[in-house]
Amino acid sequence: QKGGFKHFMLKEISEEDEALANTIYAHIQSDKIELDIDEDLLRNIKKITIVACGTSYYAGLTSKYFFEDLLSIPVSVEIASEFRYSKPIFSDNNIFIAISQSGETADTKESLNLAKALGIKTISIVNVQESTIARLSDYVLYTLAGPEISVASTKAFVCQLAMLYLLALKIAQLKGIDVEDYIKELNSIPPILKSEFNHINSEVEKIAKKYSHVKNFIYLGRGLSYPLGLEGALKLKEISYIHAEGYPAGELKHGPIALIDKSTPTFVIAPGIEPFYSKTISNANEVKARDGKIILLSEKYSYIADDFIESPKVSYFFSAFINIVPLQLFAYHIANILGNDVDQPRNLAKSVTVE
Ligand code: M6R
C-alpha cells in the first residue's frame, strides 16, 4: 500500500508530479483552460474571497500573489473559523471560493453557507468527490491529487495551488490577456518535479540530520515565499512537534529577531527574483549576525548559507510549486529521525468536522 515507502507522507510527496500533472492536464485543451464554470460569471468578477483552514488556507494565500498580479482583481484570503463568525461585505460580481482537501471541514463548510446566505456565487476546490462542501457549492473544481492518507497534507497543497492558478488563467483568457507563456510554464512543472525528486530528497535528508535536535525554528520569505514559509512551519509543527513560526522576512526586525540565537535556526526561502532575493538575503544576514544558522532554499547560492538547498530555476510565480517540496521533505525527515508517528501525528485528525 505504501509502495515501498516507509510512510504514506513520503509516498504522497513523491507523487506530487503525477498529482499535479493529472490536475493540470485535465483542464488544458490546446492552450485553452477548460473549467466547468459559467464564463459570464468569471469574466465579470470584481473581487474574490478565498476561505479555508490550515494547509488549504496557505494554498489560497500563496495564490493571491498570482491572481492580483495577473488580473488586477482584489483577492482576500480568510481563515474559515474567523470568517464564519464575521460580517463579510460583498457586492455585485464578487465570488467566494472554499478550498478543502477533505470537503468536510466544519468551519469551511459554515463559511460557504454564510456566503450562500448572502447571495454570493460559490466555487469549491476539493479533493474528495461528492463531499459535503462539493455538494453545497454552485461550482466544484476537483483537484486530482488521488487519496491523501497522511494526516499532514502535501500533494493536495500543490494541486490546490494548480487549480487556483488554472482559475486565474481562465479568467485572464476570458478577459483577453495573453497567458500562453504561463500555461507553458505550468505544463513544465510536473516533469521538473519528477526529475528532481530523488536528488532533492537526499539533499534535504542530509540537512535534516543536522537539525533534528533543534527546539525552535524560524521560516522567512517575501512575496509568495512568505505563505510557503508558513506552510513549511506548519508541517514541521504537525509531525515533528518542533516549535516553528513563519514570518514575512521584512517583519523580522519588528520583533521576531529577539528570538534569534545560535540554537534557533532560520529556514530562508528566497527565489532569485529582485528585489525579493537581495532584500531577503539582507534579512538573513541579520540572523547570521546574531549567530543564527541559515538554511537557504533558492536557485541562487549565497555565502550566508550554512546549508544550501538548490532549487531548479523557474520563474517567480511557479517557484511555489518547486520550493514547497523541500519544505515538506524537511519536516518529514526530521519527524522520521525523531521516530515520530509521521502519518498519524498526535492530537491531529485528517478531517476536522467539529469547530
Ligand atoms: O480537508 P481540509 O483541506 O479542509 O483541511 C484543512 C486543514 O485541517 C488541513 O489542511 C490541516 O491543516 C492539515 N493537517 C495540514 O497538514
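The values are calculated or read from the model by the stated rules, or taken from the named source; none is laboratory data. Note that this is a predicted model, so its numbers are computed, not measured. Reconstructed Cβ throughout: ideal geometry from the backbone, glycine too, with neighbour counts over all protein chains shown. Side chains are part of the model used for accessible areas, which takes the heavy atoms of the whole protein and leaves out ligands, DNA and RNA. Shrake-Rupley method; radii C 1.70, N 1.55, O 1.52, S 1.80 Å.
For region 45-111, the square roots of the Cα gyration tensor eigenvalues, ordered a ≥ b ≥ c, give a/c of at least 1.5 with a/b no greater than b/c, which places it in the oblate category.
Lysine pairs in region 205-355 whose alpha-carbon atoms fall under 15 angstrom of each other, counting only those eight or more residues apart or on distinct chains, come to 15.
A viscosity of 0.692 mPa s and a temperature of 37 °C, combined with the Kirkwood radius over C-alpha pairs in the Stokes-Einstein formula, give the chain a diffusion coefficient of 160 µm²/s. Could you work out the local net charge near R290, counting Lys and Arg as +1, Asp and Glu as -1, over the other residues with Cβ closer than 15 Å to its Cβ? Here the count lands on 0.
Here the calculated FRET efficiency for H254 and D181, from their Cβ-Cβ distance with R0 = 41 Å, stands at 0.65, rounded to the nearest 0.05. Residues R290, R84 ordered from highest to lowest accessible area at a 1.4 Å probe: R290, R84. The charge dipole of the chain, taken about the Cα centre with unit charges on the Cβ atoms of Lys, Arg (+1) and Asp, Glu (-1), comes to about 800 debye, rounded to the nearest 20. Averaged per residue, region 207-355 has 40 square angstrom of accessible surface, using a 1.4 angstrom probe with ligands and nucleic acids left out.
In the context of the full set of protein chains, residues of region 1-40 present 53 Å² of accessible surface per residue (probe radius 1.4 Å, heavy atoms only). Extension gain, K46 to Y241: 0.36 nm times the residue separation minus the Cα-Cα distance gives 66.1 nm. Seen through its C-alpha gyration tensor, with square-root eigenvalues sorted a ≥ b ≥ c, region 123-169 comes out oblate because a/c lies at 1.5 or above while a/b is not bigger than b/c.
Estimated at the nearest 10 Å², the accessible area of D178 is 120 Å² with a 1.4 Å probe. The Cα center of region 142-210 and the Cα center of region 265-287 differ in position by 23 Å. With the cut-off at under 19 Å, measuring from each backbone N in region 308-326 to a point 7 Å along the Cα-to-Cβ line of H199 picks out 308-316, 318-326.
Ranking V268, Y142, G60 by how far each Cα lies toward the positive end of the dipole of the chain (charges on Cβ) leaves V268 at the top.
Stretched out straight at 0.36 nm per residue, the stretch from Y303 to H213 would grow longer than its current Cα-Cα span by 30.0 nm.
Tell me whether region 298-355 comes out rounded, prolate or oblate; compute the Cα gyration tensor, take square roots of the eigenvalues as a ≥ b ≥ c, and use a/c under 1.5 as the rounded threshold. Oblate. Under conditions of 25 °C and 0.890 mPa s, region 80-216 yields 140 µm² s⁻¹ as its translational diffusion coefficient, taking Rh as the Kirkwood radius over Cα pairs in the Stokes-Einstein equation. Heavy-atom accessible surface of L259, to the nearest 10 Å², is about 90 Å², with a 1.4 Å probe and all protein chains retained. Amide H to amide H, with H built 1.01 Å from N, S212 comes under 5 Å of no residue 5 or more places away or on another chain.
A helix-only calculation puts the chain at -14500 deg cm²/dmol for mean residue ellipticity at 222 nm, using -39500 (n - 2.57) for each DSSP H run of at least four residues, averaged over all residues. Around P265, under 13 Å between beta carbons, what's the net of Lys plus Arg minus Asp minus Glu among the other residues? So the surrounding residues net to +1.
The alpha carbons of region 70-149 occupy a box of 37, 31, 20 Å along the principal axes, longest dimension given first.
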